[in-house]
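Nothing in this text is a laboratory measurement; each read-out follows from the coordinates by a stated rule. As the structure is a prediction and not an experimental result, all values here were calculated from the model. For neighbour counting, all protein chains shown are included, and Cβ atoms are generated from backbone atoms with ideal geometry for every residue, glycine included.
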Amino acid sequence: MLIKCLSHYCDMLWEYDCSSGKIFIHYDLIAKEYENSSYTVNELIRLFKNEFHISVNELIRDKYLNEKYLKSFFEENKSYEEFEIQFATDNSGLIWYCVRVERIADVIIVSGKNMYNEFKERSIYNSVKGSFENVISIDVRIGSCVVVHSKRTLSHPAKTYDYNNTMKMFVDKYTAEDDRESLKNELSLDYVVKRLEEENEYNIYVNVISASGKKSCKKVTFSYTDKSKSFITFSTVNMDEIVTRYERMLKDLKRKSRNDMLTGVYNRNFYEANIKNQSFTGGVAIFDIDNFKLCNDTKGHGAGDELLVRVSQIIKSEITDNDKLIRYGGDEFLLLIPGASSSALEKTLNRIQKSVRNSNLNETDGFTVSLSGGGVIAKNETAQEAAYRADRLMYRAKSKKNAVVTEQNQFAYNGGECYGSAQKILIADDWELNRKMLCDMIGNDFEILEARDGRECMELIGEYGTEISLILLDDIMPGTDGFEILAEMNRLHYIDDIPVIMITSNGTDDNIRRAFSLGVSDYINRPFDPKVVTQRIQNTLRLHLKQQRLTSIITKQLGESQNSERIMTEVLSGILGRKNGESAAHIRHIRKVTAMLLERLILKTDKYGLSWHECEIIADASVLHDIGKIEIDSKILNKPGRLTPNEREEVKKHAVIGEEILLNGAGNTLNE
């Protein structure tokens with residue numbers, strides 16, 4: 001009778017006899033057909049594994065499911081232990097047993113109960129109770145209620161209340177007078193039971209007025225707790241808190257979706273969703289942090305993150321609230337200045353560049369922090385188009401470092417000073433006497449940088465870039481000689497922006513020809529007249545500045561000419577698009593994709609020898625890739641179904657026709 005009574009409270013009851021080493025199964029919900037029989041521990045393990053396909057975690061099995069564990073109660077004089085074990089059988093879901101092993105005299109009683117549903121409900125309750133203000137259990141049979149959970153207090157009074165009286169007092173105290181009668185009826189236990197006969201859950205919304213006069217809306221939910229429908233769970237939720245929490249969540253999500261988590265400026269998602277395809281007029285610039293990879297490699301990514309934060313703060317301090325700063329990707333920042341003029345854009349970019357270069361960021365040993373940027377003026381074009389042009393200019397500046405390149409000047413500015421007015425001259429000579437002689441000659445007029453060998457020379461060029469106005473270069477130095485430096489400057493494209501005067505004792509024709517073939521601006525033989533050297537330095541600097549100004553004027557005029565040609569090309573391609581059903585957007589996309597591919601190509605390799613100007617011409621011409629279709633019948637081009645073999649052959653002719661049209665119409669230009 002005792003065993004039968006215990007079976008209502010547990011799902012298994014075993015008895016282990018230490019003398020026989022066997023387990024007698026009094027009761028087992030899983031192995032009912034094996035009840036009232038004895039088995040060894042190993043027999044039981046095989047039984048449950050083979051018959052019921054129960055698989056238990058290896059650690060649990062080794063610790064508890066063996067005879068050694070049972071015998072330890074006698075050897076170590078243990079009274080009892082409890083543990084949990086999870087498994088599944090072929091005919092059930094997850095089973096979560098709470099097992100108690102207890103020694104009584106010379107036997108051990110093993111009992112267990114499947115607590116899965118209880119654990120599940122307890123976990124759900126603990127996870128959601130924070131959302132409820134109050135949870136009350138109502139005994140339908142006697143009309144009483146008990147507080148199960150309340151946000152107002154951690155400890156709940158262990159007493160029962162009359163439910164209907166409690167609700168009446170609540171309504172009279174916390175609701176508006178006009179609502180009271182209807183609420184008392186809707187909250188009465190009889191009415192609640194009636195509603196739950198019709199639906200599984202009964203909800204009512206109550207407008208509550210607190211003692212301080214604050215108004216709020218509560219959602220009250222009733223549902224049965226048990227299958228016998230003897231208990232009802234009453235829960236309340238403050239809807240105002242939910243709305244506030246929801247609004248806060250939306251605000252946080254909106255902030256995260258539009259702001260970069262590290263720097264706080266707008267992120268790429270914001271740009272893609274709100275800026276990229278919008279028409280924009282004003283200044284558009286892209287900045288890239290010089291030596292950022294060096295910072296990450298030598299100081300770690302934490303220092304790199306801090307550098308990004310500091311640089312973004314400096315940029316923000318130099319712009320207005322109407323300007324938009326976007327973390328464009330990695331260490332690149334996109335800046336939009338609505339309505340900015342060309343001069344205002346240049347002033348802003350140079351101001352930002354100076355602030356970064358002069359900040360205490362450069363107190364860090366091992367690398368110099370600076371910005372390289374490209375800027376353009378957008379006129380009623382998409383931000384994406386303007387950003388693309390600014391990105392190309394930024395890459396030009398990046399090759400020099402600490403430079404700003406704009407469409408207006410088309411050559412770099414460093415720290416607000418153009419090439420001709422910069423006053424740094426680099427003297428590269430392995431003889432200290434020669435360096436001192438040149439310093440004495442020109443030191444009063446220029447800031448002098450000195451390099452004792454080729455390695456130091458290239459390091460200074462890498463550090464200062466186009467801040468160096470002129471290099472006085474010795475041809476013979478240990479390690480890397482002058483000609484090797486010239487070759488490296490050509491490879492890195494410094495030779496076009498930094499004039500070089502070679503000073504040497506070897507005045508042979510071969511030496512002179514070699515120097516000029518590598519791009520030197522002048523060649524001076526030793527011994528020399530100091531006054532002549534000083535004058536030739538001044539002449540070289542003036543000539544270089546004039547060349548840069550001339551380049552700027554020509555580039556501007558060329559840009560205007562290219563713009564006119566581009567308009568005519570787009571008109572022509574638009575006419576073709578109307579004939580073969582292609583949209584204007586598709587034709588523009590062809591040009592963008594071509595330009596992007598060419599840009600990445602020339603940045604990756606110099607194998608094809610393409611200049612930026614040539615890439616622009618190819619991109620412009622790409623919109624005419626289907627120009628030959630103008631002589632193909634529109635009925636074939638726009639045919640909705642599959643083309644016949646003859647029609648396909650007809651369409652294939654458009655490539656040859658297009659070549660003839662372009663060669664006849666622009667043969668000279670194409671050949672050039």
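Determine, from the Cβ-Cβ distance of N358 and I512 and an R0 of 30 Å, the FRET efficiency 1/(1 + (r/R0)^6), rounded to the nearest 0.05.
Working from the Cβ atoms, E equals 0.10.
What is the extension gain from K436 to N66, computed as 0.36 nm multiplied by their sequence separation minus the C-alpha to C-alpha distance, in nm to one decimal?
124.1 nm
Where in the range 264-281 does the label zone of E381 land, with the point 7 angstrom along Cα→C-beta and an amide N cut-off under 12 Å?
Counting only backbone N, you get 280-281.
Using just the C-alpha positions of the range 419-550 as equal point scatterers, what log10 of I(q)/I(0) does the Debye formula give at each q in 0.19 1/Å?
Cα-only, vacuum Debye calculation for the range 419-550: -1.10.
In nm, give the distance between the simple-model label positions of K229 and D496, each being 7 Å from the Cα along the Cα-to-Cβ direction.
Taking the two extended label points, one gets 8.8 nm.
How far apart, in nanometres, would the label points at L601 and K113 be if each is projected 7 angstrom from Cα along the Cα-to-Cβ direction?
So the two model labels end up 7.8 nm from each other.
Near K635, which lysines are there with a Cα under 26 Å away, not counting those fewer than 8 places off in the same chain?
Within the straight-line limit of under 26 Å, K635 reaches these lysines: K579, K652, K653.
Normalised radius of gyration for the range 2-119, please: alpha carbon Rg relative to 2.2 N^0.38 Å, two decimal places.
Relative to the 2.2 N^0.38 Å estimate, the range 2-119 comes out at 1.01.
What is the count of Lys pairs in the range 265-406 whose alpha carbons sit under 18 Å apart, if the two are 8 or more places apart or on different chains?
Eligible lysine pairs with Cα atoms under 18 Å apart amount to 13.
Could you tell me the calculated FRET efficiency between E614 and D252, based on Cβ-Cβ distance and R0 = 41 angstrom, to the nearest 0.05?
For R0 = 41 Å, the calculated efficiency reads 0.25.
What order do you get for 143-150, 373-380 when each peptide is scored by the mean count of other beta carbon atoms within 10 Å, highest first?
Highest mean packing first, the order is 373-380, 143-150.
Roughly what would the spin-label model give for A273 and E76, points 7 Å off Cα along C-beta, in nm?
5.8 nm
Check cross-link reach from K531 to the lysines: straight Cα distance under 23 Å, and skip same-chain residues fewer than eight apart.
K424, K436, K546
Any chance you could run the full-extension gain for R542 through I657? It's 0.36 nm times the residue separation minus the Cα-Cα distance, nm to one decimal.
The R542-I657 span can extend by a further 36.2 nm.
Which of the GluC sites (Glu not before Pro) found in the range 54-85 are loop residues per DSSP with 12 or fewer other Cβ atoms within 10 Å of their Cβ?
Hits after loop and neighbour filter: E76.
Checking the cross-link filter: which lysines have an alpha carbon closer than 30 Å to that of K219, excluding same-chain neighbours under 8 positions apart?
Straight-distance partners of K219: K120, K129, K151, K159, K168, K173, K184, K194, K227, K229, K251, K254.
Sorted by packing (mean other beta-carbon atoms within 10 Å per residue), highest first, where do 191-198, 465-472 land?
Highest mean packing first, the order is 465-472, 191-198.
To the nearest 0.05, what FRET efficiency results for S317 and L294 with a Förster distance of 35 Å applied to their C-beta separation?
Efficiency, rounded to the nearest 0.05: 0.90.
In nm, what is the difference between 0.36 nm times the number of residues separating H301 and I104 and their Cα-Cα distance?
Taking H301 through I104 to full extension adds about 64.6 nm, to one decimal.
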